[in-house]
Amino acid sequence: MNDALADRIEELIENRELRNLMAIAAKERARNYTQDKYTERLLSNINDL
């Protein structure tokens, strides 16, 4: 498992395009974790009870 992780880290170091794509995906995913989004999900779950 450590070799696999090391291989993936090395790939990220060497592949700028992959890093950029992952950064874009991370920023998009982070938009789902704002206080407003959390509140929406919480209230929805409470209403479903």
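Any read-out appearing in this document is the output of simple, stated calculations on the displayed coordinates, not a laboratory observation. No experiment lies behind these values; they were computed from the predicted model shown. Reconstructed Cβ throughout: ideal geometry from the backbone, glycine too, with neighbour counts over all protein chains shown.
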In the list [x] -0.43, -0.54, -0.70, -0.80; [y] -0.62, -0.69, -0.78, -0.83; [z] -0.58, -0.64, -0.71, -0.76, the entry giving log10 I(q)/I(0) by the Debye sum over Cα atoms at q = 0.14, 0.16, 0.19, 0.21 Å⁻¹ computed from the coordinates is [z]
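Quick check on packing: order 25-33, 7-15 by the mean number of other C-beta atoms within 10 Å, highest mean leading.
Put in order of decreasing packing, that is 7-15, 25-33.
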With +1 at each Lys and Arg Cβ and -1 at each Asp and Glu Cβ, the charge dipole magnitude of the chain around its Cα centre, to the nearest 20 debye, comes out at 300 debye
Note: residue 43 to residue 15 extended length (0.36 nm per residue) minus current alpha-carbon separation gives 5.9 nm
